[in-house]
Amino acid sequence: MPDLRFSTMRFWIVPLLAIVATMSVAQAPTPEPVTDQETELGQEVYKQLREKGEIVESSPLYDSLKPVAEAIARVAQPRYPHPFKFFLVHETQPNAFATPGGNVYVVDSLLYFVKNTEQLAGTLCHEVSHTIHRDGIALMEKEQKIERREVAAAILLGPTRSHIIAIALIGKLHSLGYSRDAESKADVTGADVCAQAGYNPWGLTWLFQDFQNAEPGQVPQLLSDHPGNAARIQTLEKHFRDSPATFSKFNRDPKSATPFSVPKNAPEVFLRADKGGN
């Protein structure tokens, strides 16, 4: 006669193990509540991405992203009043972009594209610097004609002003709407943040060099449309020379980089539109 106690125990253990395995998979952070204009705009961008089904709710990829992101956030946080939070999103091109309110979105394929930890860290430091400089807000202020037209349409269609501006902002962030000056300043501040966090700031220059050497179809959207990568490398190199106390300890040779890899074809669970915030 079979041992019913053992059978019953096995009946409960298998689902329990499945639940534990699900809970152990790294999760996306909880979005920051709205407290001002910046967090309101950031929340609207989050909602747009969630409704499009692009936000990754849980994946082992977060285990690779989080240590780097958290180290950078600890250093960058004193420069910005809202918590930095890093979300994985799924899109066709490797990319990363930051929005007002502290959210930084990293396209999952970027984790497969970067060759080393320093390149990933340089990208994240660059993006948090856009937030520190409030470049997203400045970008929209320069697009007043778009805001006026879209807000006028919103009166008829019903969405809130922040909702419409968020749609426009996503388009601008995806089309690389920042000026060359804003990009260069984010590079420099990003290098400072990386150095303070203990990551080699040469990583961003290595990424630029990879872009220059890559075939056009292989270059991710992240920086492919930004003119003057060579000039940006020169600006960073000058910044490193001008601050030897900070940067002389870092090795400029990419052979010194820390290899970075993620699980191949890592599973992803996407955030549904009826979950994850207001």
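The values are calculated or read from the model by the stated rules, or taken from the named source; none is laboratory data. Note that the structure is predicted; figures quoted are calculated from it, not measured. Every residue, glycine among them, receives a Cβ derived from its backbone with ideal geometry; neighbour counts consider all protein chains shown. Protein only, heavy atoms only, side chains kept; ligands, DNA and RNA dropped before computing areas. Shrake-Rupley method; radii C 1.70, N 1.55, O 1.52, S 1.80 Å.
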- [ ] Go through the range 78-93 residue by residue and tally those that are free of Cβ contacts under 8 Å to residues at least 60 places away in the same chain and either part of a loop (DSSP other than H, G, I, E, B) or closer than 17 Å to Gln48 by Cα (or both).
- [x] 11
Task: Pairs with Cβ under 8 Å, 6+ apart, first in the range 238-257 and in contact (Cβ under 8 Å) with a residue 24 or more places away in the chain and β-branched (Val, Ile, Thr), second surrounded by 14 or more Cβ atoms within 10 Å (Cβ to Cβ) and assigned to a helix (DSSP H, G or I) - done: Thr246/Asp192; Thr246/Ala195
Open item on the list: I'm told Thr35 meets every condition in (1) open to solvent by less than 10 Å² (accessible area, probe 1.4 Å); (2) closer than 22 Å to His133 by Cα except one. Can you identify the failing condition by its number?
Closed with: (1)
Open item on the list: Where the second residue is open to solvent by 30 Å² or more (accessible area, probe 1.4 Å) and the first is among the acidic types (Asp, Glu) and lies in the range 119-142, which pairs have Cβ atoms under 8 Å and are six or more apart or on separate chains?
Closed with: Asp135/Tyr178
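For Ile72, are the conditions met, namely being in contact (Cβ under 8 Å) with a residue 12 or more places away in the chain, of a type outside the set (D, E, K, R) and surrounded by 22 or more Cβ atoms within 10 Å (Cβ to Cβ)?
Here the answer is yes, as Ile72 does meet what is asked.
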Task: Candidate set from the range 38-56 (those that are in contact with a Gly (Cβ under 9 Å, 6 or more places away or on another chain) and polar (S, T, N, Q)); member that is farthest from His130 (Cα to Cα) - done: Gln43
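So, restricting to helices (runs of 4 or more DSSP H) that lie completely within the range 178-278, which ones have at least 2 residues that are within 30 Å of Ala28 (Cβ to Cβ), open to solvent by 40 Å² or more (accessible area, probe 1.4 Å) and modelled with pLDDT under 90? Show your work before the answer.
On the way: elements: 180-197, 202-213, 221-224, 229-242, 244-247.
Passing ranges, in order: 221-224.
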